[in-house]
Amino acid sequence: MSNELAVTKDLSKAEQVRQMIKRMKPGTIFFVERFPDIEKSVLRVILHRLVKEDFIERVAHGIYRKPKYSEFLEVRLFADADEVARAVVKKEKFKIDYHPAYALNALGFSQQVPLNPVYVIDGFSRKINLYNGAVIKMKQTSSKNLAYKNKLLQMLVHSLRVLGKGNVRKEEILTIQRILKLIPEDEFIENLHLAPEWIQKLLMDLYAPQPTF
């Protein structure tokens with residue numbers, strides 16, 4: 001094959017990739033595996049050119065994003081770590097939740113926030129270095145810990161595991177009661193068996209289902 005034909009073929013592939021990205025919604029995170037029919041060495045060059053053109057953003061190694069803009073603010077909205085983490089686990093079909101250290105802060109049990117986002121997944125532990133300097137950590141846990149249909153209850157149980165049996169003070173009791181008010185009774189009953197026995201007993205003692213009218 002002549003160099004000219006090779007270049008023409010590569011250009012057609014480049015246009016193919018460009019058109020596929022054009023059809024994506026702004027803010028879509030995608031991976032190199034999105035283009036299985038294109039040789040990796042060729043695809044690497046195509047994506048590099050599109051990044052230089054500012055047509056796409058390089059988020060991390062092998063991870064890209066179609067730019068998204070705010071018409072109201074007239075600025076580009078960059079991907080945050082949570083978007084990236086959830087895109088990764090969706091691709092690999094893992095379950096994910098915030099690490100207990102994050103859950104403690106999110107639910108009001110602690111004022112400390114981890115410097116970098118940390119998650120638990122039912123897959124192998126991993127670390128993703130984003131090009132903006134952030135680091136996403138994913139730590140392996142059992143599938144049972146991520147099997148709750150009510151994710152608020154799941155975060156609550158994770159938090160209580162960290163606090164530990166016998167370390168739940170009056171302030172935490174008030175926080176737990178506030179959270180439990182947001183959990184429907186049927187979902188509470190269906191999911192509670194997944195928690196450790198001491199947490200089951202604690203939550204049963206504190207749970208007061210909201211009246212229905």
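The values are calculated or read from the model by the stated rules, or taken from the named source; none is laboratory data. Remember, it's a predicted structure, so these values are computed and weren't measured experimentally. Note that each Cβ is placed from the backbone with ideal geometry, even for glycine, and that neighbours are counted across all protein chains shown.
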Quiz item: Among E83, E74, which is the only one that is out of contact with any Ser or Thr (no Cβ under 8 Å at 6 or more places or on another chain) and at pLDDT 90 or above?
Solution: E83
Self-check item: Of all residues making up the stretch 54-71, the number that are at pLDDT 95 or above and over 22 Å from the mean Cα position of the chain (by Cα)
Solution: 1
Practice problem: Just name the residue that is nearest to N129 (Cα to Cα) out of those in the stretch 49-75 that are surrounded by fewer than 12 Cβ atoms within 10 Å (Cβ to Cβ) and not aliphatic (A, V, I, L, M). | Solution: H61
Quiz item: What number goes with the only condition from (1) over 27 Å from L203 (Cβ atoms); (2) free of Cβ contacts under 8 Å to residues at least 12 places away in the same chain that S110 does not pass?
Solution: (1)
Self-check item: Residue tally, condition in a helix (DSSP H, G or I) and either under 25 Å from R86 (Cα atoms) or of a type outside the set (A, V, I, L, M) (or both), over the stretch 27-74
Solution: 13
Quiz item: Is it fair to say S159 is of a type in the set (S, T, Y) and either in contact with a Ser or Thr (Cβ under 9 Å, 6 or more places away or on another chain) or modelled with pLDDT under 90 (or both)?
Solution: yes
Quiz item: Which residue pairs have Cβ atoms closer than 7 Å, lie 6 or more positions apart in sequence or on different chains, and pair a first residue in the stretch 33-50 that is over 21 Å from E92 (Cα atoms) with a second residue that is among the small types (G, A, S)?
Solution: I46/A14
Quiz item: Scanning for something crowded, with 17+ Cβ neighbours inside 10 Å and either in a strand (DSSP E or B) or under 13 Å from the mean Cα position of the chain (by Cα) (or both), does the stretch 103-115 turn up at least one residue?
Solution: no
Exercise. Inspect the stretch 50-60 for any residue being touching a Phe, Trp or Tyr at 6+ places or on another chain (Cβ under 7 Å) and closer than 30 Å to L153 by Cα and give the result as yes or no.
Key: no
Practice problem: Being among the basic types (K, R) and closer than 18 Å to F31 by Cβ is the filter; apply it to the stretch 116-143 and report the residue that is surrounded by the fewest Cβ atoms within 10 Å (Cβ to Cβ). | Solution: K127
Quiz item: In the list L203, L146, L174, L156, which residue meets the criterion of being out of contact with any Lys or Arg (no Cβ under 6 Å at 6 or more places or on another chain) and within 27 Å of A85 (Cβ to Cβ)?
Solution: L156
